[in-house]
Structure formats: C-alpha cells, structure tokens
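Encoded as structure tokens, the structure appears first; notes follow it.
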C-alpha cells in the first residue's frame, strides 16, 4: 500500500516487496519490484532469516508480531532491535499488544482500531468485498477485504503523512489499490461460488483469513498446506486450536501433505496430526492428496460457498486453486 501510494503520488520510489502487487507489472505479470528514479525506497522485510537487521530505515512500520518462522521470543528480540534501528520514525500497530511492548520507551506513531490509536478511522464498515472507511475526513473505499487490511491502510496512511503525500492523493491511491497476488486473491467467481488464493500460513494469519471470509459466504472450505515440517512441528497444536474454534459446523478443512523443499529436515509430523484430532472433536477435517481435491470440492460446492486455498512458500498452490476453479466450472458451468 505504501509503495502504491508513493508511486501514485509521483514520488517514483524503488520498491522491493515480499509479494507481487497486482497494480505493478513486468511483462504483463504482477511483480514485487519497481526500480524508481528518486531517493525514495520502500522495502518489506521480516524475521524469517534475520535480514531485517541489515536495514536502518528513515521510518519503520511494525504491523504485528506473532510466532512465525522462529519462536516468539526470538521474533520479539529481532523486531525490538529493528525498531531501535529506525532513524527518525516508527509506525506501530496499537491493536497488537506485543508490537506495542517492543516500542516501549521509544517515540512512535500508533495506528489501529483502538480508541488510543493516534491514527484511527472515524468509521470502518465492511463491504461485500472490501471496506468503506474514513480517515482524517477523507473517505476511502478499499477493494481488499478484512479488518486487517483496514489496519494496513491506517499504517500506510501514517507513512504517507510522514512522506508528505497530500491526504486526498493518499485516499485516492488506497481506493485504487487492488492488492497482491495470493493475498485474498479471487481466482474464480461464478454461479455464487468463489475460489480464493491466499498466503495465510501461521495460526494468526489463518484465523484472520477465516474471520474475513466467513461473513462473505454460506459455507467455507479451507484447503491448507503446511509450509514445512519444522513449522508444523512448532505450531501444530495452535493449528488444531484455530480450526477447532474458527470453523463453523458447516465449514470444512482439507489439508494437503506437508510442503517439502528438500534437505535433511526430520519428516516426523504430518497433516494428519492436525486433521485427526479435529475429526475426533466433530470438525469436518481430513487430509487428501492434492490430486483428489478438485473433484472433491466440485461435488461439494454450491451457490453461496467459498473455497480458500492457504499456504506459503509453494507457488504451485496457485495452480491448485486454478485446477479447483476449472473443475468447479466444468461441474457447474460458468458465466
């Protein structure tokens, strides 16, 4: 969002993002890279390999902090140091208590939905696919769904204010922003059935995705592929908790076998370690090979249903989403 705002406002930034922006393209394909001609730069970094500590930015944005890639204690240590390395300003999500702890004693701008946020919306109302919000007297119609994207827009608003982008231009850019590939990306919509491709992969992200999608469908099917044996081993119990308490009685979970990128990692856990205890507790949960899933969902899906493919690291999940869409289109016809 920050990259798109600065580009839209003519700041001509260099951009390196972790995801491909649908509004940026190279050779007709979405890209997360843009070579600018100015001194402005927008970089996205995270805790996965610790490389965020190579950055000493003018301003740093900390959205939220949870266990991902590393134990929470290590993640917190990395982000605290990153906040110390921000040279002029820090923009921090007040709705995440852990993020707030990491800027204790440091000057910062807070944003969020809480009453004590310095940057907060006058109102935020969900739309069928997006949100209607007002910030500092400017109305914005977000085209990306979820309250987490409202929070993201608030962070981007704060960053744009620091950069000196006029409020009206910021609001216009946010209303034009179409999101990123594999972030709540609609890959199919016909006959009342929708297929979504999403990057959600840890418990917090999956919970946020489920909470965003459920009000927008009659039934939800989550197709989840764990993004490695290590993450599944570390977060398996949390996955069970999220799906048990997040899915409704008519929703269902199908897990793919664990994504394996090679190497000598111990393969001593499996997706069944999540689906088996869920099934015992009455959740419609099972593990299937990816080749079985399109036919299974084509038979299941009816008007009003939504199918969400979730998982990280494996770009072929998009192909799975497309295969599901093609199978549903063939089963139900498309328009």
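The values are calculated or read from the model by the stated rules, or taken from the named source; none is laboratory data. In this text the structure is predicted, and so the values were computed from the model without any measurement. Note that each Cβ is placed from the backbone with ideal geometry, even for glycine, and that neighbours are counted across all protein chains shown.
In this entry, residue 20 is excluded by the filter for residues that are in a loop (DSSP other than H, G, I, E, B), farther than 27 Å from residue 233 by Cα and in contact (Cβ under 8 Å) with a residue 40 or more places away in the chain.
State yes or no: is residue 14 surrounded by fewer than 18 Cβ atoms within 10 Å (Cβ to Cβ) and under 17 Å from residue 163 (Cβ atoms)? Judged against the criteria, residue 14 is a match.
Please determine whether any residue of region 118-131 is touching a strand residue (DSSP E or B) at 6+ places or on another chain (Cβ under 8 Å), modelled with pLDDT under 95 and part of a loop (DSSP other than H, G, I, E, B). Checked against the condition, which is being touching a strand residue (DSSP E or B) at 6+ places or on another chain (Cβ under 8 Å), modelled with pLDDT under 95 and part of a loop (DSSP other than H, G, I, E, B), region 118-131 yields at least one hit. Filtering region 210-231 to residues that are more than 14 Å from residue 310 (Cα to Cα) and assigned to a loop (DSSP other than H, G, I, E, B) leaves 217, 218. Count of region 199-220 residues, restricted to those that are surrounded by 19 or more Cβ atoms within 10 Å (Cβ to Cβ) and over 20 Å from residue 283 (Cβ atoms), is 1. Of the residues screened, residue 100 is not one that is in contact with a helix residue (DSSP H, G or I) (Cβ under 7 Å, 6 or more places away or on another chain) and not in a strand (DSSP E or B). Which of the numbered conditions does residue 36 fail, given that it passes all the others? Conditions: (1) surrounded by fewer than 12 Cβ atoms within 10 Å (Cβ to Cβ); (2) closer than 23 Å to residue 180 by Cα; (3) over 22 Å from the mean Cα position of the chain (by Cα). Of everything listed in (1) surrounded by fewer than 12 Cβ atoms within 10 Å (Cβ to Cβ); (2) closer than 23 Å to residue 180 by Cα; (3) over 22 Å from the mean Cα position of the chain (by Cα), residue 36 misses just condition (1). Considering only residues that are buried (at least 16 other Cβ atoms within 10 Å of the Cβ) and in a loop (DSSP other than H, G, I, E, B), look in region 232-251 and name the one that is farthest from the chain's Cα centre (by Cα). Ranking the candidates gives 251 first. Of all the residues in region 173-189, those that are out of contact with any helix residue (DSSP H, G or I) (no Cβ under 6 Å at 6 or more places or on another chain), in a strand (DSSP E or B) and either farther than 14 Å from residue 213 by Cβ or touching a residue at least 24 places away in the same chain (Cβ under 8 Å) (or both) number 3.
Working only within region 29-54, note down all residues that are part of a loop (DSSP other than H, G, I, E, B), in contact with a helix residue (DSSP H, G or I) (Cβ under 7 Å, 6 or more places away or on another chain) and either farther than 21 Å from residue 164 by Cβ or without any contact (Cβ under 8 Å) to a residue 12 or more places away in the chain (or both).
Within region 29-54, 45, 46, 47, 50 qualify.
Scanning region 56-88 for residues that are without any contact (Cβ under 8 Å) to a residue 60 or more places away in the chain, in contact with a helix residue (DSSP H, G or I) (Cβ under 7 Å, 6 or more places away or on another chain) and in a loop (DSSP other than H, G, I, E, B) yields 56, 65.
Scanning region 81-97 for residues that are within 21 Å of the chain's Cα centre (by Cα) and surrounded by fewer than 16 Cβ atoms within 10 Å (Cβ to Cβ) yields a single hit, 97. Hey, among the residues in region 108-132 that are in contact with a helix residue (DSSP H, G or I) (Cβ under 6 Å, 6 or more places away or on another chain) and over 17 Å from residue 2 (Cα atoms), which one's surrounded by the fewest Cβ atoms within 10 Å (Cβ to Cβ)? Within region 108-132, the match that is surrounded by the fewest Cβ atoms within 10 Å (Cβ to Cβ) is 124. In region 118-145, the residues that are in contact (Cβ under 8 Å) with a residue 24 or more places away in the chain and on the phi > 0 side of the Ramachandran plot reach residues that are loosely packed, with under 13 Cβ neighbours inside 10 Å and not in a strand (DSSP E or B) with C-beta atoms within less than 9 angstrom, at least six apart or across chains, in these pairs: 136/122; 137/122. Residue 254 falls short on exactly one of the conditions (1) touching a residue at least 60 places away in the same chain (Cβ under 8 Å); (2) crowded, with 17+ Cβ neighbours inside 10 Å; (3) touching a strand residue (DSSP E or B) at 6+ places or on another chain (Cβ under 8 Å), and that condition is (1). Scanning region 225-251 for residues that are closer than 25 Å to residue 96 by Cα and touching a residue at least 40 places away in the same chain (Cβ under 8 Å) turns up 226, 227, 231, 232, 234, 235, 238, 243, 246.
Of all residues in region 266-318, those that are in contact with a strand residue (DSSP E or B) (Cβ under 8 Å, 6 or more places away or on another chain), without any contact (Cβ under 8 Å) to a residue 60 or more places away in the chain, surrounded by fewer than 20 Cβ atoms within 10 Å (Cβ to Cβ) and in a loop (DSSP other than H, G, I, E, B) total 3.
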